[in-house]
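Nothing in this text is a laboratory measurement; each read-out follows from the coordinates by a stated rule. For clarity, every value in this text was computed on a predicted model and none was experimentally measured. Backbone-built Cβ (ideal geometry, glycine too); neighbour counts: all protein chains shown.
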Amino acid sequence: MTKRMAKWVSWGFLCLVLLVFPRVFGIYYSNVFVAFAIFAVYSLTLNMLLGYTGLLSFGHAMFFGTGAYTTAIALDRISGMPLLPVVLAGFVASVVLALILCPIVVRVGGTAFAMLHLAFGQLMYVLALKLRFLTGGEDGVGGFPIPAFSIPGIISVDMTNPLNFFYFAIAVLGLSTWILWFFTKTPIGSIMIGIRDNPQRVEYMGFRVTHTKAIIYCLAAGFAGITGSIYALFQNLISAEDGYNIMVSFGPIMATIVGGVGSFSGPIFGSAIFSIIEELTSRYTERVELVMGLILIGVILYAPMGFMGVMGLLKQRWLAARKVKLEGAK
Amino acid sequence: MDSTTAMYVAQGIHGLAYGMILFLVASGLTMIFGMMGILNLAHAAFFMLSAYFSYQALAMTGNYWIALLAAPLATAVVGVLVERFLLRKVHAFGHVGELLLTVGVSLVILDAVKAFWGTESLYVDLPESLKGLIHVGGLEYPVYRLFVIGLALVVLFIMAFLLYRTRLGMVVRAAVSDADMVNALGINVPLVFMLVFGIGTWMAGVAGVAIAPILTVFPGLADQMGMDAFLVVVTGGFGSLSGAFIISLVFGELSSYGVQFISALAPVLMFVLMAIILVIKPTGLFGERE
């Protein structure tokens, strides 16, 4: 009972912190926080594939970019588009792209899966640069109107105000996080972990491995699309560099590895670590990628279980030490 | 030969030269994949590093031939060090760790290059003997590109000889098909791995030096070549040298004629070809495994 209470209290506390965050830290840091939250949830969707299903994708950016471009183009071309349908469009477009790729990619696993995604991701990048009439080439799509969040007749909130946008972004991303977390607790979530550990056995038990993979793949793609969509609204600009570049694919992988594969919250901590490092190093040097690369190498060499793994290890040691102490006291 | 035919022939040789350079990069990549089961994502970074080394060697000695010899060797040394001290240590953690490690190495090399040499284009000057045009039956063609084709052929023959006519080559081919069994037979497989990694990066290095005078040396050099080489490996079949060779030449011609006829969509052509081949045969043209 007390554990449950503690859980609700901590959730309430988190909500309170998020509520007062922009008032306390000001607009600059709340924008940094939105950027971090987008990246964190985007990394979570990648972890659905990498950590939970064991599928390494080097082209996850194509879903991020597709969501972002869909939102941007919809707002740019169609006047009077409301806010929520536009975000939903990002979700749907990414799911459609995933459905198109599904028949090809879910049959394979391991390195081939990663490499196919690298290729398709680059194809999307090249297309975004070349299909000028739709994507604006190198310039990207920018300066589109940001619609207000409105329920007709009841409420209308101006989204160009960074404070309002902060709450909107956090609400959408928080909801996405909750849905993803809930999904891992469903029976299909358990099958997904089974596929990671031993696909043959899951197949023998009568579950359809390829179908399950396809469902998870589309889900991860769709929520990556939502994060992309929020990103486009946040920046009011999307270009091939920000949407489809290969670094957009590698970023969440690094965050997941550094944070800890296999735990749900690992990517969030990984993203936090990366955001902090980027924020700090970019003040002193332009060589941010160099620092990131060195950190990645260091983590893979010395702490392949990532931040969450190290934390778990420390906790275990602490508990063991306490146990010894307690037994000594007896 | 009238001027239109001459143009087509020139484009064809252009494509051949690019295809040969592409093969130098892709063959190292596919060999390393065959042995270790990972695609070395830092391969293009080594290629670029070698181009910078050749610029540096040329600036220091003023002799192109020394640069041509020294830069790939220096690159190979870096490659061997990366294999020995980084890749080998994470081998036990499985492929994902190795792949990500090469990503990390590639990030470090790409950014370190910017820190050392800056971001602007650097020019590599050719010696007098390689400058100028060659005239054959109404066709004018730059000597240097023919030299590049020749150079690639020489490397290709050395590699073919090593692989198919020596004991070492036999061991390498055996290790490609079953590393565990070769290890069990008492051959030092980690050493062979290191050697293959070194030779692979050396070939990428030769390609880097060869391309430096044509494209100039700049940090973006790795992007295009890395992606093309990777496409070659995927399309030709992971670990297949003959597949890499054929696809490299096809891609070279495709990009050369593609730029001439449909320049806007030329970069997409290779992806289209890859997608068609992969849908028909998911392991690539000559690949036997995924």
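Please give the average number of partner chain Cβ atoms lying within 10 Å of the Cβ of each residue in A:115-124, rounded to a whole number. Before the final figure, lay out the partial values.
Working: counts 12, 6, 0, 6, 10, 3, 0, 8, 8, 1.
Mean partner shielding for this stretch: 5.
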> So how tilted is helix B:143-165 from the main axis of chain B? Cα-based, degrees 0 to 90, rounded to 10.
Replying inline: 20
> How far is the Cα center of the range B:207-226 from the Cα center of the range B:184-204, in Å?
Replying inline: 26
> What list of ³J(HN,Hα) values in whole Hz, one per residue of the range A:111-116 in order, does the Karplus curve 6.51 cos²θ - 1.76 cosθ + 1.60 (θ = phi - 60°) give from phi, with Gly and Pro shown as x?
Replying inline: 5, 4, 4, 4, 6, 4
> Tell me, B:M31, A:M292 in order of fewest to most beta-carbon neighbours within 10 Å?
Replying inline: A:M292, B:M31
> For the range B:3-28 and the range A:96-129, what is the separation of their Cα centres, given in Å?
Replying inline: 29
>> On a straight-distance basis, which aspartates and glutamates could pair with B:K114 in a cross-link, Cα separation under 17 angstrom, same-chain partners fewer than 8 positions away excluded?
In response: A:E286, A:E289, B:D223
> Between the range A:259-280 and the range A:156-214, what is the C-alpha centre distance in whole Å?
Replying inline: 18
> For the range A:49-57, in order, what is each residue's ³J(HN,Hα) by Karplus, 6.51 cos²θ - 1.76 cosθ + 1.60 with θ = phi - 60°, in whole Hz (x at glycine and Pro)?
Replying inline: 7, 6, x, 9, 10, x, 10, 8, 10
>> Using amide H atoms built in the peptide plane, which far-off residues or other-chain residues are under 5 Å from A:G140 H to H?
In response: A:A240
> In terms of modelled amide H atoms, which long-range or inter-chain residues lie less than 5 Å from the amide H of A:G262?
Replying inline: A:G51
> How large is ³J(HN,Hα), in whole Hz, for each residue of the range A:253-264 in order, when computed from phi with the Karplus curve 6.51 cos²θ - 1.76 cosθ + 1.60 and θ = phi - 60°, using x for Gly and Pro?
Replying inline: 5, 4, 4, 5, 5, 5, x, x, 6, x, 10, 5
> By count of other Cβ within 10 Å, fewest leading, how are B:M270, A:M311, A:M305 ordered?
Replying inline: A:M311, A:M305, B:M270
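Can you give the helix-only mean residue ellipticity at 222 nm for the protein assembly as shown, where every DSSP H stretch with n ≥ 4 adds -39500 (n - 2.57) and the sum goes over all residues, rounded to the nearest 500 deg cm²/dmol?
Estimated from H runs of four or more residues: -26000 deg cm²/dmol.
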>> Can you give me the distance in nm between label points at A:E327 and B:L133, each placed 7 Å from the Cα along the Cα-to-Cβ direction?
In response: 8.8
> If you rank A:I253, A:I100, A:I154 by fewest surrounding Cβ atoms within 10 Å, what's the result?
Replying inline: A:I154, A:I100, A:I253
> What angle, in degrees between 0 and 90 and rounded to the nearest 10, separates the Cα long axis of helix B:3-36 from the longest principal axis of the Cα atoms of chain B?
Replying inline: 10
> Can you give the angle from 0 to 90° between the axis of helix B:266-280 and the longest principal axis of chain B, with both taken from C-alpha atoms, to the nearest 10?
Replying inline: 40
